[in-house]
Amino acid sequence: MRATMLYGAGDVRVEEVPDPTLREPTDALVRVLRSCICGSDLWPYGSMPATEQGRRIGHEFLGVIEDIGSDVSGLAVGDLVVAPFVWADNTCDFCAQGLQTSCRHGGQWGVPGVDGGQGEAVRVPQAQGTLVKLPVAEDSALLSSLLTLSDVFCTGHHAAVTAGVGPRTTVTVIGDGAVGLSAVLAAKRLGAERILLMGRHKDRTDLGREFGATDVVAERGAEGVERVRELTGGDGTHTVLECVGTRQAIEMSIAAVRDGGVIGRVGAPQYTEAPMDFGTVMRNITLTGGVAPARAYIEELMPDILDGTIEPGRVFDRTVSLDEVPDGYRAMAGREALKVLIRP
């Protein structure tokens with residue numbers, strides 16, 4: 001079969017790789033119908049040292065079960081399923097706490113011995129705990145939005161939930177990428193009173209307004225923080241959802257949040273220290289968030305997609321075939337595309 005391989009910074013190739021097979025009775029084989037490129041994929045795409053062997057990449061996919069292990073129940077060949085961006089047994093103590101990202105028997109996609117999601121098929125370990133059945137047909141118009149349950153919409157939701165977004169909450173979302181826009185949609189869904197979106201790409205912030213942003217702040221750094229405070233009577237917002245992952249973004253989050261407020265951090269951090277100094281402690285600011293346990297949220301969020309209440313799949317603004325995946329990476333890295341959908 002064909003799959004995406006990353007050989008180093010800027011070097012993405014689609015190559016023939018061995019067909020996946022069942023290795024354990026808890027496995028399933030999934031033929032991929034939809035996958036996508038994640039903003040977090042751009043970090044290794046921009047910085048990974050060159051290698052001779054390359055590595056598999058991709059962690060968001062949905063598809064059809066083609067074969068299934070003898071120990072897997074509740075699923076069957078022919079089922080349409082979505083996979084969270086980590087696999088998990090969904091039964092260990094961490095999973096029981098809704099923290100499938102820390103599953104004692106789980107792991108990540110695209111590591112040695114495990115397929116990446118940007119390919120024609122995937123062997124899914126711990127299939128019974130990982131895969132969630134989708135009650136739609138293979139040609140459903142909802143597939144794009146349902147794919148966001150594998151990562152990006154759940155990640156935006158995680159930022160909002162951990163920050164305590166709810167009715168009468170004011171929110172600042174930092175970042176107009178797919179995660180930031182998903183966070184806007186999640187905050188609106190949770191009843192936020194006011195949502196300030198910090199971003200300067202008009203096509204993206206226009207979508208953010210459609211998703212529920214009440215204000216757009218195009219300025220960055222100190223000027224952006226000043227604008228947030230102007231819009232909130234000088235106080236800042238109750239919550240800030242940090243969806244970028246840079247040192248500047250976390251500094252802006254701390255400066256823009258109201259005293260006693262909460263920062264939900266889900267941007268993949270590209271820094272090793274955050275300025276949580278004594279002055280921040282004196283303001284009683286909480287820093288929370290982290291990697292989203294998507295499996296814990298899928299069944300909660302799916303009904304609103306199925307009935308059309310939300311359309312998180314609108315973050316996809318370009319569709320490519322598997323052979324065109326390298327072009328998709330270049331488009332996202334060059335800010336020519338917000339999020340690229342892959343149809344193998």
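Read-outs throughout are calculated quantities, based only on the coordinates presented, and are distinct from any laboratory measurement. This is a predicted model, so every value here is computed, not measured. Glycine gets a Cβ as well: all are built from the backbone with ideal geometry, and neighbour counts include every protein chain shown.
Quick notes on this structure:
- Extension gain for ARG2-ASN284 works out to 96.4 nm (0.36 nm per residue, less the C-alpha to C-alpha distance).
- Comparing LEU231, LEU149, LEU241 in a Gaussian network model of the chain where C-alpha atoms under 10 Å apart are linked, the largest mean-square fluctuation is found at LEU231.
- Taking SER47, SER144 and counting other C-beta atoms within 10 Å, the order from fewest to most: SER47, SER144
- Highest mean packing first, where packing is the average number of other Cβ atoms within 10 Å per residue, the peptides 73-85, 7-19 line up as 73-85, 7-19.
- Cβ crowding within 10 Å, taken as a proxy for footprinting-reagent exposure, orders CYS95, CYS243, CYS154 from fewest neighbours to most as CYS95, CYS154, CYS243.
- Ranking of CYS92, CYS103 by neighbouring Cβ atoms within 10 Å, starting from the fewest: CYS92, CYS103.
- Residue-by-residue Karplus 3J(HN,Hα) for region 31-48, coefficients 6.51, -1.76, 1.60, Hz, glycine and proline x: 7, 7, 9, 9, 9, 6, 9, 9, x, 6, 5, 6, 5, x, 4, x, 9, 5
- Local net charge near ASP203, Cβ-Cβ under 13 Å (Lys/Arg +1, Asp/Glu -1): +3
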